Amino acid sequence: MNRKIKSTRVWLPWLVAVLILAAGAKSTSARQKSDQVAVLVGAGDIADCADISGAEATAKLLDAIPGTVFTAGDNAYEGGTAEQFAKCYDPTWGRHKARTRPSVGNHEFHSGGATPYFDYFGANAGDPKQGYYSYELGVWHIIVLNSECAEVGGCQAGSAEEKWLRADLQAHPAVCTLAYWHKPLFSSGAKHGDDPEIKPFWQDLYAAHVSLILNGHDHDYERFAPQDPDGKPDPQKGVREFVVGTGGKNHRPFGKAEANSEVRNADTFGLLKLTLRPHSYDWEFIPEAGKKFRDSGTGSCQ
């Protein structure tokens, strides 16, 4: 009996230590997996000084959603002036300025090279001479482009921005990559529709197996099936595009639906929330209070 007690006293502390180490390793592994999940949330076409109620409604949604905020251009109307940023954007979405990574739209360039936009967002908007930049979010690589082509020397193949895009993609061969900017290549919106000027961006992004593209410009919500730069369905290697010009400016009707358009809504302000995971993503359109339209789903990185 004494030998059994003595033996137990020898191995019991060792067993406890092993169990503690195992529990710690499991906790660390779970924490590491959690750290790899990131949230990107936002919209475009946001604060209208003639009526900021829409921006107020979507800003209230942001208040309850952690993560990085994106803007898909046209942040302050009508002209992206310093006064409009101060009086209309700042009291609404400006509450989340510190965690916002914006993109520039055509209305910002109504004010002298979009200077008030770059002054307002500072380093978070990238080099003011370019308006395009990239950053890391979780395990994802995020690219922000400037679709005001005339303001940056063009968007055609061989332009400064297109060459920067190719170099950035080569320097960041992440499994999961997402890009956003203002003007969409594909859109069923009646006001603007397709913008073929930025097709070279799509060609580079498609060739690099980018998973998602987010745009604004048309004041509606639209989700496309994965497709190639020519608008042909490509469920294996295609890029999924969202138009999310629902930040608060106003609503505009759709024209004829594009071939690969899966979901459309033109009467609801709201946000697109993306949960970015290793090798996959979840999307959710979150409507303003009182509206019922929603859209959600999941996809994988190419």
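Taken together, the values in this text are just the output of simple stated rules run on the coordinates, not laboratory data. Worth saying up front: this structure is predicted, and the values here are computed from it rather than measured. Backbone-built Cβ (ideal geometry, glycine too); neighbour counts: all protein chains shown.
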* Asked: With the calculation restricted to Cα positions, what are the radius of gyration and Dmax of region 60-119 in angstrom?
  -> 11.2, 35
* Asked: To the nearest 0.05, how large is the calculated FRET efficiency for K191 and Q170 if R₀ is 45 Å and r is the Cβ-Cβ distance?
  -> 0.80
* **Quotient of C-alpha Rg and 2.2 N^0.38 Å, computed over region 234-302** => 1.22
* Using modelled backbone amide H atoms (1.01 Å from N, in-plane), which distant-in-sequence or interchain residues come within less than 5 Å of V39's amide H? -> T68, L276
* Asked: Relative to the present Cα-Cα distance, how much length would full extension add between D228 and A50 at 0.36 nm per residue of separation?
  -> 60.2 nm
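What FRET efficiency would be calculated for the residue pair E151, E83, taking the C-beta separation as r and a Förster radius of 22 Å, to the nearest 0.05? Don't skip to the answer; put the middle values down first.
Numbers: r = 21 Å, r/R0 = 0.97.
That pair, E151 with E83, gives E of 0.55.
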* Once phi is turned into θ = phi - 60°, what whole-Hz ³J(HN,Hα) does the Karplus curve with 6.51, -1.76 and 1.60 give for every residue of region 110-127, x standing for Gly and Pro? -> 6, 10, x, x, 6, 4, x, 4, 5, 5, 5, 8, x, 4, 5, 9, x, 5
* Asked: Short version: ³J(HN,Hα) in whole Hz for each residue of region 150-156, in order, from phi by Karplus 6.51 cos²θ - 1.76 cosθ + 1.60 (θ = phi - 60°), x for Gly and Pro, what are they?
  -> 5, 7, 10, x, x, 10, 5
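How do the peptides 161-172, 49-60 rank, highest first, by the average count of neighbouring beta carbon atoms within 10 Å per residue?
Details: 161-172: 16.5, 49-60: 18.2.
Result, highest mean Cβ count within 10 Å first: 49-60, 161-172.
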* To do: Starting from the Cα-Cα distance between D90 and T115, subtract it from 0.36 nm times their residue separation and give me the gain in nm to one decimal.
  => 7.4 nm
* **Largest-first principal axis extents of the Cα set of region 38-300 (Å)** => 43, 41, 35
* Considering only G154, G216, G42, give the residue with the highest GNM mean-square fluctuation for the chain, with springs between Cα atoms whenever their separation is below 10 Å. => G154
* If Lys and Arg each add +1 and Asp and Glu each add -1, what is the summed charge of the other residues whose beta carbon sits under 11 Å from the beta carbon of R240? -> -2
* Counting only residues 5 or more places away or on other chains, whose amide H sits under 5 Å from the amide H of T71 once H atoms are built in the peptide plane? -> R101, S103
* Using θ = phi - 60° and the Karplus curve 6.51 cos²θ - 1.76 cosθ + 1.60, what whole-Hz ³J(HN,Hα) does each residue of region 77-93 get, with Gly and Pro shown as x? -> 9, 8, x, x, 7, 4, 5, 5, 5, 6, 8, 10, 6, 4, x, 10, 5
* Once amide H atoms are built 1.01 Å from N in the peptide plane, which residues 5 or more positions from F254, or in another chain, come under 5 Å H to H? -> A190
